[in-house]
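Peer 1: My questions all concern the structure below.
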Amino acid sequence: MLPPDFQDLIACVPQGVMRLGADLRVEWLEPGFTAKTGVALKVGDSVLSALESGRGRDDLERALREGRSHSGHVITVGLKQTRIQARPCRPGMPPGAWLLFESSGADDDVAFSQALQEIAREVGETLDVDSVCKAAVLAVVRCAQVRRAEVFLAEDGQAPRRVAVSDLANTETPDDALDQHADSFEAALVTRQPQIGVQRGVGDSAGSIFAAVPLLSQKRALGLLVLYKEQGRSFSLRELELWSAAAGQVAVSVQNARLLREAQAALRVREEFMSIASHELKTPLTPLKLTLYSMERRIAQGLPVELSSVIKSKRQVERLAGLVNDLLDVSRLELGRLSLQPAPLEMGHLVAEVVDQFRHAFARPFSLVVPREHIWVRGDRDRLEQVLVNLLENANKYSPAGESIGVEVESLAGQARIHVKDQGIGVPASDQARLFERFYRAANSSHRHFGGLGLGLFISDSIARLHGGALSMASAEGQGSTFTLSLPRMPVGEVRRLPRRVLLLDEDPKQEAAAERVLCAEGFEVLTANGGVEALRRASVLPVDLVLLSSSVPPTHLGIFLAAFAELPRARPIPIVLAGATRPAWAQPDTAVCARPYHGAELLAAVHALIGPREEGSYSGEPSGVTLAAPTPSLEPLAALPAASQLHS
């Protein structure tokens, strides 16, 4: 006989109890059953009508009809996960069964709150990414009815990578099994919504139900929190809400840990940079200061200042200016303020100029190979020269003394490529991926042995990208390096519209003006040498297609012209037309000649005989009617013109 207050005791128990008949319909419900369980049933209803279809409901129905005891999980029509225990009625009693309903999987608010607090406490105790993920999976499996939890992180567009796992069942999931639900992972990352799927079993294993919950931080998916249950036990909506909230906490912690890691890395880079920068700035400052003190003392004593001291001081000032300019360029790049002044540029000519500068500055051989055709790009001359200078300086810095440095200009269909090859120390494979990063230096290039701030390649790569090109590298440690600058070539239609250039030297201003009018009317750009040597240098930033030279120019003027012109670097030989009544004794027999005073038709015929007329729809980029020498590594004076010393003899 039950005590009369037994019902009061049942009301305090969180589980709900009911009795079923043989037809699986409700015969009795304890008072408050719906309030306790959230399952809306009344006497006469079929218990199956309150449950979602699935393996859990099928197992329960089979056990009830067979009169067996049963314990398992089901999903209610309210999408809550519930644990049900079934016991058949005793023999002699009306047929049926007793059912005990209890909440499962942290569906209730108390478990929900406790789980979030536990997870927040665990992940809040560390700011290391891996430690955060490990703490998260341990907290999850302690707070939820899951057998396994995993955290996957996605970085820089790469596939999610598993960084932490906790397995309550103490069983390992094969690595290749992860590929079976990669689509669900991708869907969770793309839609930023939890995805439920099934992982097939291995061997005799029944497999698992899994939920892939995205780790969202500021609406950005950082990775996934993946939870596994035994097959037949699904996830309720309330659980998915819980795990989404928990995943949000994990995501914030992961993001904070990443930010901390990046800040620490930035601090290390800054400290290393300050160390290198102070060393690099002191290196030229110290000898500059000593030299200036010495010069000051000599001036105070009335002694002359040695030219070598001035040259040394100037060199140190230039080095300081280079360091400061690199820092300014980095600042402009970061602010997006590094502007370009693009204009048509012939790369063979520019490369020849830069290589010529290095030949005069350094005691080592430099070889140059340039194709016969002109290679035009649209670029900022000063910035592209800066890139070439940086590549050659690096090649010179990291190569043994006396070793040759090779430069080759390559012509492709839509690209111009400049290769700078050295036989130096090379770059270790582990450093090559980061070599173009700001402040980065390869492990074998200590700043105490090789100066620099680690900015040159970063700036050069940025300039190449601003031109629509790229800077790449092929290297092996101890075997040298090849750096390649690739730039888009100008369209053929634009190249056809570029004027061809004639360099004119005539001692008679009237004759010079007459020849200039004829050539300009034909579309040529005419450069005159009477403006002086400096004018000739400034005007020669682009290649000259032909030289028109009066044969009666006084030897002194001709010598000055030849001396200046011979110093100008050229990538290719240049054809010559001599204007005059007779051929000078110093001229080669095959040199082209035209009459002077100039006659328009005859002058144009002589010019076109060497470089060909400009035809609409075709442009070869190289002279016709004259055989160009094969590309050579040297820049000799014009073979068709005499040396200045010959003219004075």
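The values are calculated or read from the model by the stated rules, or taken from the named source; none is laboratory data. Computed from a predicted structure; not experimentally measured. Please note: Cβ atoms are built from the backbone with ideal geometry, for glycine as well, and neighbour counts cover all protein chains shown. For accessibility, only protein heavy atoms count, side chains too; no ligands or nucleic acids. Shrake-Rupley method; radii C 1.70, N 1.55, O 1.52, S 1.80 Å.
Peer 1: For the pairs Lys36/Lys229; Lys314/Lys421; Lys134/Lys229, note any where the Cα-Cα span goes beyond 27 Å. Could you put the intermediate results ahead of the total?
Peer 2: Numbers: Lys36/Lys229 25 Å; Lys314/Lys421 30 Å; Lys134/Lys229 19 Å.
Checking Cα-Cα distances, Lys314/Lys421 exceed 27 Å.
Peer 1: Still on this structure, I have one more. How much accessible area does Lys229 have with a 1.4 Å probe, in Å² rounded to the nearest 10?
Peer 2: Here the accessible area works out near 0 Å².
Peer 1: Please give the solvent-accessible surface of Trp98 in Å², to the nearest 10, using a probe radius of 1.4 Å with every protein chain present.
Peer 2: My reading of the accessible area for Trp98 is about 110 Å².
Peer 1: How much accessible area does His70 have with a 1.4 Å probe, in Å² rounded to the nearest 10?
Peer 2: About 40 Å², rounded to the nearest 10.
Peer 1: I would also like to ask the following. Sort Arg501, Arg465, Arg238, Arg583 by accessible area with a 1.4 Å probe, largest first.
Peer 2: Working: Arg501 15, Arg465 155, Arg238 60, Arg583 110 Å².
Ranked from most to least accessible, the order is Arg465, Arg583, Arg238, Arg501.
Peer 1: Which shape class applies to the range 360-438: rounded if a/c is under 1.5, otherwise prolate when a/b exceeds b/c and oblate if not, where a ≥ b ≥ c are the square roots of the Cα gyration tensor eigenvalues?
Peer 2: Values: a/c = 1.76, a/b = 1.28, b/c = 1.37.
Oblate is the answer for the range 360-438, as a/c is 1.5 or above yet b/c matches or exceeds a/b.
Peer 1: Still on this structure: What is the sum of charges around Cys89, taking Lys and Arg as +1, Asp and Glu as -1, for the other residues whose C-beta is under 15 Å from the C-beta of Cys89?
Peer 2: With Lys, Arg at +1 and Asp, Glu at -1, the net is +3.
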